[in-house]
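Okay, so here's the structure we're looking at.
The values are calculated or read from the model by the stated rules, or taken from the named source; none is laboratory data. What you see is a predicted model; the values in this text were computed from it and never measured. Cβ placement follows ideal geometry from the backbone for every residue including glycine, while neighbour counts extend to all protein chains displayed.
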Amino acid sequence: MHIIDPHIHCVSRTTDDYLYMSRAGVVAVSEPAFWAGFDRSSAGSFYDYFRHLLDVEPKRAARYGIEHFSWLCINAKEAENVELSREVIKLIPPLLDHPRVLGIGEIGLNKNTRNEITIFEEQVDLAARFDQMILIHTPHLLDKHKGTSIICDILKNDSRIKPERVLIDHCEEHTIRLAREHGFWAGLTIYPVTKVTPQRGVDILETFGTDMICVNSASDWGESGPHMLTDTLIEFRRRGHSEDEATRVFHDNPARFFGQCPKWTIKPRLKP
Ligand SMILES: [Zn+2]
């Protein structure tokens, strides 16, 4: 089966992870810009990070037959530093025409602070001005519901933003309705120890339906990994869902969402 990991931080992963993904049927990945595991000291660090995302990872991925695309932004965690954030935001427009850039992301909130909200609004404006798709990070901390709600309000109050071109990621049982009732796509991030497990992920797919949901591993610097996506696929199949149903969720949903950007090359395998 062909699958897509729509949210994975390949810069933090080993080449063995690419080999694993290739063996597991992953044909494409999308990598949002995020925290590096430490706070960066200058905009120059972000410039080099963007070069890593756009020029280095696609080559690493290609060796395993995997298409690699990216999203650019300053992440919510480092957005607390408004001055640095604005310097980073200035770096982005000239890179938006790069053939591997799908849009602005992952932007959002971490602790729902005033500074984070300011920079979030400025990056939503950036996306609107340059007609970019948006990938959203919602808080992993206690205030996930509040943060998701603030994010949805800001997006839906901006008439330039088309909800079907926005994916609200890291949804859980208590936030997925917020994302979908406004017409946004929802992302489910599957982790081994914290947050949504493969079993809970499949429960959510069965409870809320599989339309406009993208399941991902978000593999990063913490305890996580690309196998969380395949474990969720296995759990989905184990419960009796067909290979076609699995293809719709684990390949065609992300292919349809990303396909709204003309640079994306992988077509859905089944008719809607
Ligand atoms: Zn992420």
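Structure summary
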read-out: Hits in region 1-60 (condition: touching a strand residue (DSSP E or B) at 6+ places or on another chain (Cβ under 8 Å) and at pLDDT below 95); value: none
read-out: Qualifying positions in region 166-218 - out of contact with any strand residue (DSSP E or B) (no Cβ under 8 Å at 6 or more places or on another chain) and at positive phi; value: 183, 209
read-out: Test: residue in region 87-110 that is surrounded by fewer than 19 Cβ atoms within 10 Å (Cβ to Cβ) and within 16 Å of the ligand (Cβ to nearest atom); value: no
read-out: Condition met for residue 176 (under 30 Å from residue 207 (Cβ atoms), among the aliphatic types (A, V, I, L, M) and modelled with pLDDT of 95 or more); value: yes
read-out: Residue within region 87-95 that is within 18 Å of residue 144 (Cα to Cα) and either in a strand (DSSP E or B) or without any contact (Cβ under 8 Å) to a residue 12 or more places away in the chain (or both) present; value: no
read-out: Residue within region 251-258 that is acidic (Asp, Glu), modelled with pLDDT of 95 or more and within 14 Å of residue 29 (Cα to Cα) present; value: yes
read-out: Close pairs (7 angstrom Cβ cut-off, 6 or more residues apart or separate chains): without any contact (Cβ under 8 Å) to a residue 60 or more places away in the chain in region 102-128, of a type in the set (S, T, N, Q) and away from the ligand (no atom under 16 Å from the Cβ) anywhere; value: 104/132; 119/85
read-out: Scan of region 197-212 for residues that are crowded, with 24+ Cβ neighbours inside 10 Å and aliphatic (A, V, I, L, M), ordered by number; value: 202
read-out: Any hit, region 137-144, residues being basic (Lys, Arg), away from the ligand (no atom under 16 Å from the Cβ) and surrounded by fewer than 24 Cβ atoms within 10 Å (Cβ to Cβ); value: no
read-out: Test: residue 77 is free of Cβ contacts under 8 Å to residues at least 24 places away in the same chain, surrounded by fewer than 24 Cβ atoms within 10 Å (Cβ to Cβ), under 30 Å from residue 16 (Cβ atoms) and not β-branched (Val, Ile, Thr); value: no
read-out: Which listed residue, of 47, 20, is more than 28 Å from residue 269 (Cα to Cα), away from the ligand (no atom under 14 Å from the Cβ), more than 16 Å from the chain's Cα centre (by Cα) and surrounded by fewer than 18 Cβ atoms within 10 Å (Cβ to Cβ); value: 47
read-out: Residues being farther than 14 Å from residue 212 by Cα, at pLDDT 95 or above and of a type in the set (Asp, Glu) - total across region 143-171; value: 2
